[in-house]
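> Have a look at this one before I ask anything.
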Amino acid sequence: MGAREPARPRLGVFKFASCDGCQLTLLDCEDELLALAARVDVTHFLEASSAVGTGPYDLSLVEGSVTTAEDAERIRSVRAASRRLVTIGACATAGGVQALRNFADVEEFREVVYARPEYVETLATSTPSPRTSPSTSNSRAVPSTAASCWR
Ligand code: SF4
């Protein structure tokens, strides 16, 4: 009887307000994906699979900024279920294009852009994902144009 294989680290990839480009960049790593899948349990990655896994996660990668009340609630639950959380890309790290609203009147934008603004639910601001930490006492955000690590 052989020795039991050690459990593979569980990876979660999560999308918030974004264009999906950062997740697609992960999927573009075609040559490395099979080797990665052999070493990591990709538990939750809706851009790659419709299978919906639940935490806990050893590592969560987060794309996109927090722009709705639902986002704010969800990023807290992702953080709570994750040993490590790393934001990827400008949206998750700095707010992205969505953060332009932080310097304008979001109500005016909503009225001008959408034919039925009453259906659009949004926060007045768009924030990088780490800003919504439930507790920042043990958190560390490393400013970067590419990613930040949030422990
Ligand atoms: S940082 Fe945001 S806009 Fe840029 S590729 Fe990633 S998700 Fe898309």
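A short reminder: the numbers here are calculations on the coordinates, not readings from a lab. Note that the structure is a prediction, hence the values are computed from the model and not measured. Counting neighbours? That spans all protein chains shown, and the Cβs are built from the backbone with ideal geometry, glycine included.
> Sorted from largest down, give the three principal axis spans of the alpha carbons of the range 10-131, whole angstrom values.
Per principal axis, max minus min of the Cα coordinates gives 49, 29, 24 Å.
> Counting other beta carbons within 10 Å of each Cβ, put E118, E63, E70 in order, fewest first. Walk me through the intermediate numbers first.
Working: E118 7, E63 27, E70 12.
Ascending Cβ contact count within 10 Å gives the list E118, E70, E63.
> Here is a further query. Order by neighbour count: L27, L34, fewest other Cβ atoms within 10 Å first, most last.
Working: L27 13, L34 8.
Taking fewest neighbouring Cβ atoms as first place, the list is L34, L27.
> From the phi of every residue in the range 6-13, what ³J(HN,Hα) in whole Hz does the Karplus formula 6.51 cos²θ - 1.76 cosθ + 1.60 yield, where θ is phi - 60° and glycine or proline is x?
Result, ordered by residue: x, 4, 6, x, 9, 10, x, 10 Hz.
> Amide H of S60: which non-local residues (sequence gap of 5 or more, or other chain) have their own amide H closer than 5 Å, using H built in the peptide plane?
Close amide H contacts, sequence-distant or interchain: G12, R84, L85, V86.
> Return the percentage of antiparallel bridges among DSSP beta bridges fully within the range 10-131, rounded to the nearest 5 %. It would help to have the intermediate numbers written out before the result.
Details: 3 of 18 bridges.
That works out to approximately 15 percent antiparallel.
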